[in-house]
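Notes for the one structure printed next.
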Amino acid sequence: MADYDKLYPTTDTESGVITTVIEVSKGSILKIEYNREKQTFELDRVEPEIFAKPANYGFIPGTTDEDGDALDTLVITPEPVPTGVVLKARVLGVLNFEDGGEKDHKIICVPVDDRDGGDRVKTLDDLGEQWKAKVEYHFNTYKDLKKRGTTKVLGYAGPEEAEHVIKECIARFSGN
C-alpha cells in the first residue's frame, strides 16, 4: 500500500486547498479505516443500513486530531468516490464534533475541479440547510444503536476555523 503521510505531506493551509484520501464512499455502510502503521485499508465494522455515510468520508495525510486519528474530511460529490482515491479539495468549513468526549472534527470540502457542477459550491451555505441538518442528524445518532448519546455535533464553522483546526492537527502530527 502507500504511506499517504509521506506521499502527501500537509503544509499549505492558507490556499484553502487540501489533499484528502477517501476511506468510506458516500452511501456506504462499510466503516473502512486507513491503518497508518500497516499502510492498509481495513474494515472496522459494518454499520446499520440506516446510517449510510451522507458524504464521502476521508482523512488529511500528515495530520492528527484530538482523538489520535488523522483529521477527517467529508467530501461532497454527486457520486461516491472509491476507497483509496486521493484528491485535491477546497475547504468549505468544519463540522465540530465530539465522539465519546473527544474532539473529532470533520473538514467539509469539495473537489477543486467540479466541471459537472460548475464549481458552484463555494461556501457551507451553498450546501443548504437541509444538507447540514441531515449531516448533523447522522453524526448525532449513528452510534445510538450501540452506545446512545456518545456523539454530539457542536456546530458548523467556516473556512477560517477549519484552517485553524488543520494547522493544529499538522502541528500535533509533527510533534510541535
With springs only between Cα atoms under 10 Å apart, run a GNM on the chain and tell me which of 153, 21, 75 wobbles the most.
153
Could you calculate the FRET efficiency of residue 115 with residue 3 from 1/(1 + (r/R0)^6), where r is the beta carbon distance between them and R0 is 35 Å, rounded to 0.05?
0.70
Longest segment of the chain lacking GluC sites (Glu not before Pro) that sit in a DSSP loop with at most 11 other Cβ atoms within 10 Å:
38-176
How big is the gap, in Å, between the Cα center of region 64-86 and the Cα center of region 138-176?
12 Å
Do any trypsin sites (Lys or Arg not before Pro) in region 68-130 lie in a DSSP loop with no more than 11 other beta carbon atoms within 10 Å, and if so, which?
115, 120, 122
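Using a simple charge model, +1 on the beta-carbon of Lys and Arg, -1 on the beta-carbon of Asp and Glu, nothing else, what dipole does the chain show about its Cα centre, in debye to the nearest 20? Write out the running numbers ahead of the final one.
Numbers: 23 positive and 34 negative charges, 75 e Å.
That gives a dipole near 360 debye.
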Using the Karplus equation 6.51 cos²θ - 1.76 cosθ + 1.60 (θ = phi - 60°), what ³J(HN,Hα) coupling, rounded to whole Hz, does each residue of region 26-42 give in order, writing x for Gly and Pro?
3, x, 7, 10, 8, 7, 9, 10, 7, 9, 4, 5, 8, 6, 9, 8, 10
Using θ = phi - 60° and the Karplus curve 6.51 cos²θ - 1.76 cosθ + 1.60, what whole-Hz ³J(HN,Hα) does each residue of region 54-61 get, with Gly and Pro shown as x?
x, 7, 4, 10, x, 8, 9, x
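Can you pull out the trypsin sites (Lys or Arg not before Pro) in region 1-55 whose DSSP state is coil and whose Cβ has at most 11 other Cβ atoms within 10 Å?
38
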Full-stretch length increase - residue 44, residue 171 - with 0.36 nm per residue and alpha-carbon distance subtracted:
43.0 nm
³J(HN,Hα) computed for each position of region 81-88 - Karplus, 6.51 cos²θ - 1.76 cosθ + 1.60, integer Hz, glycine/proline x:
9, x, 4, x, 6, 9, 8, 8
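What number, in nm² with one decimal, is the all-direction average of the projected area of the convex hull of the alpha-carbon atoms of region 12-72?
Values: hull surface 19.4 nm².
Approximately 4.8 nm², given one-decimal rounding.
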May I ask you to compute the full-extension gain from residue 133 to residue 37, defined as 0.36 nm times their residue separation minus their alpha-carbon distance, rounded to one decimal in nm?
31.0 nm
With the dipole of region 4-170 defined by +1 on each Lys or Arg Cβ and -1 on each Asp or Glu Cβ, the option from 80, 164, 16 whose Cα lies farthest towards the positive pole is 80
Here the relative contact order (percent) of region 4-170, from C-alpha pairs under 8 Å and at least 6 apart, is 24 percent
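Laboratory data are not the source of any read-out in this text; all were calculated from the coordinates shown. Here the structure is a predicted model, which means the values were calculated and not measured. Cβ coordinates were reconstructed from backbone atoms using ideal geometry, including for glycine residues, and neighbour counts include every protein chain displayed.
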